[in-house]
Every structure is written in C-alpha cells, then in structure tokens.
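**Q** Pasting in a structure now, in structure tokens, and then I'll have a few things to ask.
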Amino acid sequence: MSEKQTEVTDIKPEAKEEFPELEKLVREKIRLAQKLGLMDGRTPVEGYEGTKEYKRIEEIDARLWELV
C-alpha cells in the first residue's frame, strides 16, 4: 500500500504546479487582449500587431500549446 500512496503523492504535485501556470497565462492573455481591443467586439488598437503586448500574447499562445 505504501507504494500506491507514493505514486499518488508523486502525481498530485505535478498537476497542481501546471494548473496555476495555465491559469496565470490565460488571465494575462485576456488582460492583454482587452487592452489591445481584441475582445468583446471592440475595435482593435491601430497597429496592435507591432506592440510588445501582442508579442507577449504570441509567447503565451506558444506556452499554452506546450501545456495543453
């Protein structure tokens, strides 16, 4: 039985570590997208593709693909 307990203990911390990063990245992406006017049917900020915020959104997307 102690082996099973060790297995369960080993799995749970890994899952807990991934979800906070996933949640944090999603929240950051939403915040940046709102700032650039890319959500909620707003008109996007002119030239948003060249902003550091948009580049960060692209970085977040790449990381989210790795996590999911």
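Here, each number is a calculation from the coordinates, and none is a lab measurement. Just so it is clear, the structure is predicted and the values come from calculations on it, not from any experiment. Quick reminder, even Gly has a Cβ in these numbers, built from the backbone with ideal geometry, and neighbours come from all protein chains shown.
**Q** Determine ³J(HN,Hα), in whole Hz, for all residues of region 34-47 in sequence, where each value follows from phi through the Karplus function 6.51 cos²θ - 1.76 cosθ + 1.60 and θ = phi - 60°; x replaces Gly and Pro.
**A** Per-residue couplings from phi come out as 5, 4, 8, x, 8, 10, 6, x, 7, 7, x, 5, 4, x Hz.
**Q** Right, here's the next one. Pairwise over distinct Cα atoms, reciprocal of the mean inverse distance: report the Kirkwood radius of region 23-68 in Å, one decimal place. Don't skip to the answer; put the middle values down first.
**A** Numbers: mean 1/r = 0.0923 Å⁻¹.
Final number for the Kirkwood radius of region 23-68 is 10.8 Å.
**Q** Let me ask something else. I'd like the Karplus ³J(HN,Hα) series for region 21-26: coefficients 6.51, -1.76, 1.60, θ = phi - 60°, whole numbers in Hz, and an x wherever there's a Gly or Pro.
**A** With the stated coefficients, region 21-26 comes to 5, 4, 4, 4, 5, 5 Hz.
**Q** Also, quick follow-up: Once the other residues with Cβ under 12 Å from the Cβ of M39 are scored (Lys, Arg +1; Asp, Glu -1), what is the net sum? Spell out each step's value before the answer.
**A** Working: positive: K29, R31, K35, R42; negative: D40.
Once all neighbours under 12 Å are counted, the net charge is +3.
**Q** Further, regarding this structure: Taking 25 Å as R0, compute the FRET efficiency from the Cβ-Cβ separation of D40 and L67 and round it to 0.05.
**A** With R0 = 25 Å, the Cβ-Cβ based efficiency is 0.50.
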